[in-house]
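Written below as structure tokens is the structure these notes are about.
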């Protein structure tokens with residue numbers, strides 16, 4: 001993860017330098033690089049949160065008693081969900 005953070009920071013620094021010292025074309029290119037770095041930073045933030053949630057889920061699963069697979073668990077059926085619907089009225093009655 002640290003190499004990705006360093007790469008995003010380097011792209012941002014290069015973009016700022018190009019925006020400061022360049023002419024109009026390099027200004028636009030530099031600001032584009034800063035934008036790419038900003039999107040990369042937000043993406044890395046979401047990636048870090050997802051990885052920490054995965055680690056927490058693995059630790060929770062390893063610490064507790066083994067769970068039965070989803071297919072082996074029997075859940076009582078909800079009669080509201082399994083009941084058949086009455087026939088639709090077509091307006092001829």
Is the stretch 2-61 rounded, prolate or oblate when judged by the Cα gyration tensor, a ≥ b ≥ c being the square roots of its eigenvalues, rounded requiring a/c under 1.5 and prolate requiring a/b larger than b/c?
-> prolate
Find how much the distance from residue 90 to residue 46 grows on full extension, using 0.36 nm per residue of separation minus their present alpha carbon separation; answer in nm with one decimal.
-> 10.7 nm
Packing-wise, with mean Cβ within 10 Å as the measure, how do 27-40, 45-58 rank, highest first?
-> 27-40, 45-58
Label points 7 Å out from Cα along the Cβ direction at residue 39 and residue 24: separation in nm?
-> 2.5
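We did not get these values from a lab; they are worked out from the coordinates using the rules stated. Keep in mind it's a predicted model, so treat the numbers as computed, not measured. Cβ sites come from the backbone with ideal geometry, for glycine too, and all protein chains shown count toward neighbours.
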